[in-house]
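Quick notes on the structure that follows.
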Amino acid sequence: MLNKLQTIGEDFCGLDVNTPLGGEDPIAAFPVLTFDTLLTAVAATSTGDYTVVFLGTNKGHLKKIIVNRKMEIEMEMKMEIDSNVFDRTSQKEKSDSHTSFDIAIR
């Protein structure tokens, strides 16, 4: 892969250094999970061999996704945010690879 240094100005918003890399080959990516609703917030962190992702939807739901290092979904949790009290928790199997939990908060 051929990398070349790009020219930037002083107003470049970089992390620690102002030296972005450019390349000839694009980086390929694929979705781990797709939704039929609009996501309005995303927060993610790594812990051990897993990535934990919290997703907010435009319908007031909070989703927690745990992805392993093989980019497979380990767990998917859905929460409806109405107030601070849990009144129902149900567990259902979505596939052989992960379990889905539905939690309604009222």
Item checked: Footprinting exposure proxy for 35, 54, 30 (fewest neighbouring C-beta atoms within 10 Å first) -> 30, 35, 54
Note to self: Could you work out how much longer the chain between residue 58 and residue 37 gets when fully extended? Use 0.36 nm per residue separation minus the Cα distance between them, nm to one decimal.
What the structure shows: 6.8 nm
Item checked: Most to least packed among 37-50, 58-71 [average Cβ atoms within 10 Å] -> 58-71, 37-50
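Cβ under 10 Å from residue 54's Cβ, residue 54 left aside: what net charge do those residues give with Lys, Arg +1 and Asp, Glu -1?
On the way: positive: 63, 64; negative: none.
Combined, the nearby Lys, Arg, Asp and Glu give +2.
Computed from the coordinates by the stated procedures, all read-outs in this text should not be read as laboratory data. Here the structure is a predicted model, which means the values were calculated and not measured. A quick note on method: Cβ atoms are made from the backbone with ideal geometry, for glycine too, and the neighbour counts reach across all protein chains shown.
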